[in-house]
1. With contacts defined as alpha carbon pairs under 8 Å and 6 or more residues apart, what's the relative contact order of the chain in percent?
2. Where does the Debye-calculated log10 I(q)/I(0) of the range 189-272 sit at q = 0.12, 0.15 Å⁻¹, using only Cα point scatterers of equal weight, no solvent?
3. Where Rh is the Kirkwood radius over the Cα pairs of the chain, the temperature 4 °C and the viscosity 1.567 mPa s, what D in µm²/s does Stokes-Einstein return?
4. Taking the beta-carbon count within 10 Å as an exposure proxy, list 146, 198, 215 from fewest neighbours to most.
5. Arrange the following residues from fewest to most other Cβ atoms within 10 Å of their Cβ: 14, 29.
6. Please build a GNM for the chain, connecting alpha carbons under 10 Å apart, and tell me which residue among 13, 90, 222 fluctuates the most.
7. Would you mind checking the range 241-285 for residues with the amide N under 13 Å from a putative spin-label position 7 Å along Cα→C-beta of residue 61?
8. Once you place label points 7 Å from the Cα toward the Cβ at residue 168 and residue 182, how far apart are they in nm?
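We did not get these values from a lab; they are worked out from the coordinates using the rules stated. It should be emphasised that the depicted structure is a prediction, and the values quoted were computed from it without experimental measurement. Using ideal geometry, Cβ is built from the backbone for each residue, glycine included, and neighbour counts are taken over all protein chains shown.
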Amino acid sequence: MGNVYFGNSNHQAWIKAPQTGVRASNQGWSAETQLLSGRTYIRRSDASHKRFTMNWLGSMNDTENSLIIVKDFADGLYGPGPFFWNDPYAMTSNMFPPAWAAPAMSIDTDWDAICPDDVGVTKEKVLTSSVSSLVGNNTQDYPIYTAKFTAPGSPTAQSDKFTFYIPEGYTLWLGLHGHHGATGAAFGKPYKNGVAGTAVNITPLSVATATRVNTSFSGSTADKVEFYLAKTASSPCTFHISGLIAQLLKNGTTPEQGKFVSGRGTMGLEFASLPEIEYYSAAINNGQIGMSATFAEI
């Protein structure tokens, strides 16, 4: 894999990629009851969280590629979590988590909702085919359900925010497939070195287009971008959000066109187990060690 971009809100850095064979499991709860008929009944959570078990082999003291930075983050050297990593398997597909990529999944389920409950927003799940006059004919395999968010007239309101971190040499691409009224918008708000820039209005795409993303932020001008929905005036507004896509590509790379890609990314991560280090040889590779740690999505 090479290197992976990792960090928290205070500090981000390239770390040595874990060895191949990273275990990435999806965990929720389930309960199975054996019925007298001989059949079985299963209840399980709608939502799940990811857990990553990672192993590294490398140097403890190499100034350029030291593994000790992972332990430094765990020790709190750069402040507390949650932590993030730009998962190489999600960067070129869809960096949003599942229920952000398909917001209808979060309505009347265990998945975290994009819109908080305390702002008076009405949340409904509607068939994407039933709102084709607004979002287009679903020819690109977007979710069969679309999230319908109706925001009241007053006050103005914002959804929760999803944050992306952009390393130098990369560009973040965002795409919203759906529709919103004239008093609403979807925004990407860039930051550079802690200073906020002007929020960029993301023009909605239909579910009939092969264009997945249409708004970009270069790492040379933004090291962080917050994505969110907002009502921009006091009159009511309705959002129909069928799907969201985010990709992090090397500068100069043109996003591929195609059908909907489900969410492969994660929310914040935390150390589920502190790094374990095994010393191999102080004389090799400026302190050769093995290291392992488990991260859980929170």
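1. For the chain, the relative contact order is 24 percent.
2. Reported log10 I(q)/I(0), two decimals: -0.49, -0.76.
3. After rounding, the answer is 62 µm²/s.
4. 198, 215, 146
5. Sorted ascending by nearby Cβ count, the order is 29, 14.
6. 13
7. 280-285
8. Distance between label points: 4.6 nm.
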